[in-house]
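Here, each number is a calculation from the coordinates, and none is a lab measurement. Just so you know, these numbers come straight off a predicted model, no measurement behind them. For neighbour counting, all protein chains shown are included, and Cβ atoms are generated from backbone atoms with ideal geometry for every residue, glycine included.
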Amino acid sequence: MAESRKPVISVHDLAKNYGELKVLRKIDMDIYKGEVVSVIGPSGSGKSTFLRCLNYLEELTSGEIDIGGVSLKGIDEDKHNKKLNEKAAKVIRKNVGMVFQQFNLWPHKTVLENVMECPVQVKKANKEETKKKAMELLARVGMDGKADAYPTQLSGGQQQRVAIARAIAVNPEIIYFDEPTSALDPELTVEVLAVMKRLAQEGMTMLVVTHEMNFARTVSNRVIFMEKGVVVEQGSSKEFFEHPKETRTKEFLRIFQE
């Protein structure tokens, strides 16, 4: 559960438009240290765009995001915010890891080199110390035996476990997961979810966009249901799955219960 009353992520009035298309509409949300929050909803509901705004992979149209006291602001409200956001994003990313749907490993680097890259290049960490830590991280995700392999020599599940090791190599306070199992078959999905569950048990603050209802139900502290760019409903995982309030939430969950 939340360990502090001061949120580590605070989102206020967030909107994201692509021209006339309104993808996110006035999102408000607070996430606290140690929380595991799952974001669910139908395809096209704005879940991944929301995550990308948090990491400033997408510009904010309006509203504000505060992560660890560093703010990102909507560029439609003030064009000067674009330059300020770029500076802020560099600070935020030093404390935030992100795991993507498609792994995004560097194909020309070994597993070990992939995990070492960000600490060495971004945080200017000592190479020998980073190598030792990278091997420890690979052991945590069961991939230390593949340290010298290249991504093309790995299964999808193995690649995603390396991607998780890479995300935690910078000692992040928060990790975002953007549908990390959607490109995997069921057997490989189990591998990756087991690693994510261990991270949750260790107290990592996690925001997870997922279609894995069992993970959302059993691992998350809180579940957020989005549709058409708005938060339809949110609550503790137990309350959300056992006593959903909104009609649309009930309809969505019924599909997974049939």
**OP:** Output the relative contact order of the range 160-258, whole-number percent, from Cα pairs under 8 angstrom with separation of 6+ residues.
**Re:** 20
Original post:
With each label point set 7 Å from Cα along the Cα-Cβ vector, what nm distance links VAL70 and LYS197?
Top reply: 3.3
Subject >> Mean-position separation - Cα centroids, the range 24-100 and the range 225-258, in angstrom >> reply: 23
Original post:
Which one, [x] 53, 38, 32; [y] 51, 50, 36; [z] 54, 43, 35, gives Cα extents along the principal axes in Å as derived from the coordinates shown?
Top reply: [y]
Subject >> Spin-label pair LEU84/TYR150, simplified geometry with 7 Å Cα→Cβ offset, distance in nm >> reply: 4.6
Original post:
Once both labels are modelled 7 Å past Cα along the beta-carbon direction, what's the ASN171-LYS109 spacing in nm?
Top reply: 1.9
Original post:
lysines within cross-link reach of LYS79: Cα-Cα under 17 Å, excluding same-chain residues under 8 positions apart?
Top reply: LYS16, LYS87
Original post:
Going down the list LYS33/LYS238; LYS109/LYS132; LYS6/LYS133; LYS22/LYS73; LYS47/LYS73, which pairs span over 24 Å between their C-alpha atoms?
Top reply: LYS6/LYS133
Subject >> R0 of 51 Å, Cβ-Cβ distance THR247-ASN126: FRET efficiency to nearest 0.05 >> reply: 0.35
**OP:** Distance between Cα centroids, the range 131-166 to the range 176-203: provide it in whole Å.
**Re:** 14
Original post:
Which one of LEU21, ASN95, GLN160 is farthest out on the positive end of the charge dipole of the chain, using unit charges on Cβ (Lys, Arg +1; Asp, Glu -1) and the Cα centre as origin?
Top reply: ASN95
Subject >> Listed peptides 58-68, 157-167, 86-96, 220-230 by packing density, highest first (mean Cβ within 10 Å) >> reply: 157-167, 220-230, 58-68, 86-96
